[in-house]
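The values are calculated or read from the model by the stated rules, or taken from the named source; none is laboratory data. Keep in mind that this is a model prediction, so the values were computed, not measured. Don't worry about glycine lacking a Cβ; one is built from the backbone with ideal geometry, like all the others, and counts go over all protein chains shown. Protein only, heavy atoms only, side chains kept; ligands, DNA and RNA dropped before computing areas. Shrake-Rupley method; radii C 1.70, N 1.55, O 1.52, S 1.80 Å.
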Amino acid sequence: MSKKKGRVFSGARPTGRQHLGNYLGAIRNYVELQAEYDCVYCIVDLHAMTTLDQLHRIRLNTAEMALDWLAAGLRPEETILFVQSHVPQVTELHTILSMFTPLGKLTDLPTFKDKVRLQPQNINYGLVGYPVLMTADITLYKADVVPVGVDQESHLEFAREVVRTFHYRTGRQVLIEPQMKNTEFPKVLGTDGKRKMGKSEDNQIELALTPKETEKVVRTMVTDPQRQRRDDPGDPDVCNVFTLHKSFSSSDDISMIDRECRKAGIGCVDCKNLLAKRLNEHLQPFRERRSELAKDPQYVWEVLEDGARRATIVAAETIAEVKAAAGLT
Ligand code: SF4
């Protein structure tokens with residue numbers, strides 16, 4: 001792999017067809033990073049198992065997600081795109097690093113406490129070790145940089161701490177302490193205008209919808225709650241339709257809506273129709289490419305297989321160095 005500014009690693013759980021929240025929060029950034037970094041993007045299927053509620057969908061979700069990423073512009077000839085469990089060295093590194101991680105640190109993490117609250121009936125061993133597996137993901141592929149939003153900074157700091165502990169206890173500097181690349185991941189609200197866009201909330205607008213389906217979903221979006229009638233002036237600053245216009249519409253559209261909404265010069269139906277139109281224009285190349293790629297169902301799996309093969313070359317080197325440092329050879 002040729003060196004650019006360094007190597008970026010990022011992983012995401014297989015959640016199937018991607019929505020606007022995934023696109024604005026991660027995929028767009030993944031595509032842009034390819035210009036400056038060697039990129040390693042991983043579909044973290046083992047992490048997806050910690051909830052045990054969608055096991056039968058992991059394979060399908062993996063294929064759908066990879067297809068969306070490729071259609072959005074990931075270039076598999078330069079970027080490594082693969083599935084976490086296809087490179088088994090990650091579980092080996094996870095076990096080794098877990099010996100260098102105090103249990104109390106894991107159970108004190110706010111993310112673990114959240115999980116305990118969300119799934120009290122299933123507090124499994126994997127859930128506790130989740131951050132160690134994440135550290136193994138990052139360090140196995142010798143990532144220099146990890147793109148993180150503000151809410152993920154503590155995860156990366158945890159990974160850096162595990163690396164430092166490993167180096168201190170073994171006396172060997174074999175892992176890379178990853179740097180954060182702070183990225184502004186906008187929080188994209190769903191069609192309800194209240195909660196973060198997500199499948200579990202059933203408030204998503206999927207990228208791969210048809211233009212008609214997009215219009216239909218956009219029509220259901222909740223707007224400024226104070227605007228009850230067509231003649232009521234609205235406040236675009238509290239309206240999620242306007243937030244999406246800011247990402248997908250022209251500056252002329254945005255200033256027109258900002259001005260006209262406040263004096264009831266534009267109605268919400270017209271404003272939503274315009275948003276659907278802009279979304280459909282923006283997503284048309286993505287949708288065309290997706291349909292083209294989907295004609296060959298094997299294509300995605302070939303890309304993932306090739307990605308795993310290339311990822312394994314780096315992983316095998318790292319695990320050999322780690323084992324030697326830990327006295328396991
Ligand atoms: Fe929201 Fe547009 Fe309606 Fe204003 S006109 S409240 S920005 S949907």
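Can you pull the percent of the range 26-147's accessible area that's carbon plus sulfur, 1.4 Å probe, other chains left in place?
Its accessible area is 60 percent carbon and sulfur atoms.
Reducing the range 60-138 and the range 175-231 to their Cα centroids gives an inter-centroid distance of 24 Å. Computed over the range 242-329, the P(r) tail beyond 23 angstrom holds 58 percent of alpha carbon pairs. Let me test this: with uniform point scatterers at the alpha carbons of the range 1-157, what is the Debye-based log₁₀ I(q)/I(0) at q = 0.09, 0.13 1/Å? Values returned for q = 0.09, 0.13 Å⁻¹ are -0.29, -0.63.
Heavy-atom accessible area for Thr329, with the other protein chains in place and a 1.4 Å probe, reaches approximately 140 Å². Estimated from helical segments only, the mean residue ellipticity of the chain at 222 nm is -16500 deg cm²/dmol, where each DSSP H run of four or more residues counts as -39500 (n - 2.57). Could you tell me whether the range 137-197 comes out rounded, prolate or oblate from its Cα gyration tensor? Rule is a ≥ b ≥ c as square roots of the eigenvalues, rounded for a/c under 1.5, then prolate if a/b exceeds b/c, otherwise oblate. Here the range 137-197 falls in the prolate category. Against the longest principal axis of the chain, how steep is helix 297-325, in degrees 0 to 90 to the nearest 10, with axes from Cα atoms? Helix 297-325 sits roughly 40 degrees off the main axis of the chain. Which listed residue (Gln226, Val238, Tyr125) has the Cα farthest towards the positive end of the charge dipole for the chain, taking +1 on Lys and Arg C-beta and -1 on Asp and Glu C-beta about the Cα centre? Among Gln226, Val238, Tyr125, the one farthest towards the positive end of the dipole of the chain is Tyr125. Per residue, the accessible area of the range 18-61 comes to 40 Å² when a 1.4 Å probe rolls over the protein heavy atoms. Counting charges near Ala48 (Lys, Arg +1; Asp, Glu -1) among other residues having Cβ under 14 Å from its Cβ returns a value of +1.
Compute the orientation-averaged projected area for the range 77-230 from the convex hull of its Cα atoms and round it to one decimal in nm².
Projected over every direction and averaged, the Cα hull of the range 77-230 covers 13.7 nm².
Springs between Cα atoms under 10 Å define the GNM used for the chain, and in it the highest mean-square fluctuation of Val269, Val162, Val218 occurs at Val269. How far is helix 268-294 tilted off the main Cα axis of the chain, in degrees rounded to 10, range 0 to 90? Once rounded, the angle reads 40 degrees. Other residues within the sphere of radius under 9 Å centred on the Cβ of Met65, judged by their own Cβ, net out at 0 (K and R +1, D and E -1).
Pairwise alpha-carbon distances in the range 199-290 exceed 22 Å for 27% of all pairs.
Surface listing: Met49, Met256, Met99, Met65 arranged by accessible area from highest to lowest gives Met99, Met49, Met256, Met65, probe 1.4 Å. Most simply put, the chain has about 10% antiparallel DSSP beta bridges, counting only bridges with both residues inside it. In this view, the solvent-accessible surface of Leu156, computed with a 1.4 Å probe and all protein chains in place, comes to about 0 Å². In this structure, Lys187 and Thr329 have a Cβ-Cβ separation that, at R0 = 51 Å, corresponds to a calculated FRET efficiency of about 0.65.
For Cys268, Cys239, give the ranking by accessible area with the largest first, probe 1.4 Å.
Greatest to least solvent exposure: Cys268, Cys239.
The Rg/Rh ratio for the chain is 1.02, where Rg is the radius of gyration of the alpha carbons and Rh is the Kirkwood radius.
When the chain is treated as a Gaussian network with alpha carbon springs shorter than 10 Å, the biggest mean-square fluctuation among Ala264, Ala12, Ala294 belongs to Ala264. Accessible area per residue (1.4 Å probe, heavy atoms of protein chains only) ranks Arg219, Arg169 as Arg169, Arg219, with the largest value leading. For Gln179, the residues whose amide H sits under 5 Å from its own are Val145, Val146, ignoring neighbours fewer than 5 places away on the same chain, with H placed 1.01 Å from N.
For the Cα atoms of the chain, what angle does the longest principal axis make with the long axis of helix 251-262, in degrees from 0 to 90, nearest 10? Taking the Cα atoms of the chain, the angle to 251-262 is about 60 degrees. Cross-link check: pairs Lys5/Lys199; Lys187/Lys295; Lys181/Lys272; Lys115/Lys194 evaluated at a Cα-Cα cut-off of 31 Å; pairs beyond the cut-off: Lys5/Lys199; Lys187/Lys295; Lys181/Lys272.
For Ile205, nonlocal amide neighbours, meaning residues 5 or more places apart or on other chains whose placed amide H falls under 5 Å from its own, are Leu20, Gly21. Probe radius 1.4 Å, ligands and nucleic acids ignored: give me the carbon and sulfur share of the accessible area of the range 199-290 as a rounded percent. Here it works out to 49 percent.
Rolling a 1.4 Å probe over the protein heavy atoms gives the range 66-159 an accessible area of 42 Å² per residue. Across all Cα atoms of the range 270-317, the radius of gyration (one decimal) and Dmax (whole number) stand at 18.0, 58 Å.
Per residue, the solvent-accessible area of the range 199-290 (1.4 Å probe, heavy atoms of protein chains only, all protein chains present) comes to 55 Å².
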